[in-house]
Amino acid sequence: MTDDLSREIILDHYQNPRNHGRLEHPTLANRGHNPLCGDEVELSLGIDDEHIQDIAFTGRGCSISQASASMMTEVVKGQTVDDADAAVQRFTERMTDRKPAATELEEELDALQGVKKYPARVKCALLPWTTLRESLALFRHREPVAVAGEDDFNCADAP
């Protein structure tokens, strides 16, 4: 991908972010912060039956971190938690030069490959993905919610 096209894609996602905002009733929300540059991202996810039904982000920071968040939401929306985790792994490996090939769904992410020329900016591109990885780990390790009456109600206690 040419540098000009890569810049255009990043700028488009920065100026016209996809899935920007907060979900009204998320399954979980999580924040990520890069203290070195001040980038921040907040993800809210709606997960149902192990599928990311909806995802949104807010944040502030450089065009790379915000564009990466926009791209990430497009890639993982509708995927299973496991597939989203695998997408995070693939993107992280690509950004750290450990894996060359992208899936068709992730081709637009190639625009972020030019960031690798500037090692300090790689963390900007990875921030939303790292935050998603942490969010998915939180989802997997959440405490099950007891349904009222299920565990707290004994039939013998009924009047």
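Overview of results
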{"read-out": "Residues that are touching a Leu at 6+ places or on another chain (Cβ under 6 Å) and closer than 14 Å to residue 64 by Cα, drawn from the stretch 1-29", "value": "none"}
{"read-out": "In the stretch 46-61, the residues that are touching a strand residue (DSSP E or B) at 6+ places or on another chain (Cβ under 8 Å) and at pLDDT below 95", "value": "50"}
{"read-out": "Cross-chain or 6+ apart pairs with Cβ under 9 Å, the stretch 10-37 first and under 16 Å from residue 131 (Cβ atoms), then of a type in the set (S, T, N, Q) and assigned to a loop (DSSP other than H, G, I, E, B)", "value": "none"}
{"read-out": "All positions within the stretch 107-124 that are closer than 17 Å to residue 62 by Cβ and free of Cβ contacts under 8 Å to residues at least 24 places away in the same chain", "value": "116, 117, 118, 119"}
{"read-out": "Residue check for residue 18: basic (Lys, Arg), over 13 Å from the mean Cα position of the chain (by Cα) and more than 15 Å from residue 139 (Cβ to Cβ)", "value": "no"}
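The values are calculated or read from the model by the stated rules, or taken from the named source; none is laboratory data. Just so you know, these numbers come straight off a predicted model, no measurement behind them. Here Cβ is always computed from backbone atoms with ideal geometry, including for glycine, and neighbour counts include all displayed protein chains.
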